[in-house]
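*Asks:* My questions all concern the structure below.
The values are calculated or read from the model by the stated rules, or taken from the named source; none is laboratory data. As the structure is a computational prediction, the values presented were derived from the model and not from experiment. Each accessible area value is taken on the protein alone, full model and side chains, heavy atoms only, with ligands, DNA and RNA left out. Shrake-Rupley method; radii C 1.70, N 1.55, O 1.52, S 1.80 Å.
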Amino acid sequence: MKLFVVFSVLATVAFARPDGDHYDSKYDNFDVQTLIENPRLMKAYTMCLLSKGSCTAEGASFKKILPEAVATTCAKCTPKQRQLVRIVIRAVQKQLPNEWEQLVKLHDPEGKYKESFGKFLASSD
């Protein structure tokens, strides 16, 4: 299932800018390669987002913004954050499929964001 999370890493976003139009750009250069190439780190971030593990400061920030990012299909993400989110989500789907399913159930239990999120993942804006 495709939905946005991460995870955003994780939407790679943390707090809204004062203007409220975008998330803070301080995470635009979040090192997603280090994250997705380290299974233990990926698992730790995912467990944080699922409230099944401890969170780093960044993880807690991502977790806080995640519901809004999912509901709005990353509307407040900068273009760079959108790119990073797609990379992380694809990695989670591939490397941690069970945890991905748990994230989907947690953040989109009725599947109402599935279609819009699928389009988001497929696009390259």
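*Asks:* Run a plain Debye calculation on region 65-125 (Cα atoms as equal point scatterers, no solvent) and give log10 I(q)/I(0) at q = 0.22, 0.24, 0.26, 0.28 Å⁻¹, rounded to two decimals, same order as the q list.
*Replies:* Result of the Debye calculation: -0.95, -1.14, -1.32, -1.45.
*Asks:* Which pairs, out of Lys63/Lys105; Lys26/Lys105; Lys43/Lys94; Lys80/Lys112; Lys64/Lys94; Lys26/Lys76, put more than 18 Å between their alpha-carbon atoms?
*Replies:* Working: Lys63/Lys105 15 Å; Lys26/Lys105 29 Å; Lys43/Lys94 12 Å; Lys80/Lys112 25 Å; Lys64/Lys94 24 Å; Lys26/Lys76 14 Å.
Long pairs (Cα-Cα over 18 Å): Lys26/Lys105; Lys80/Lys112; Lys64/Lys94.
*Asks:* Let me ask you something else. Using θ = phi - 60° and the Karplus relation 6.51 cos²θ - 1.76 cosθ + 1.60, list the HN-Hα couplings for region 92-108 in order, rounded to whole Hz, with x at every Gly or Pro.
*Replies:* Each residue's phi maps through the Karplus curve to give 5, 4, 7, 8, 9, x, 5, 5, 4, 4, 5, 5, 4, 4, 6, 9, 8 Hz.
*Asks:* Hey, another quick one. At 1.4 Å probe size, with no ligands or nucleic acids counted, give the accessible surface of Ser25 in Å², nearest ten.
*Replies:* Using a 1.4 Å probe on the heavy atoms, I get roughly 50 Å².
*Asks:* If the reach is capped at under 15 angstrom between alpha carbons, list the aspartates and glutamates near Lys114, excluding any in the same chain fewer than eight residues apart.
*Replies:* Filter leaves Glu68, Glu101.
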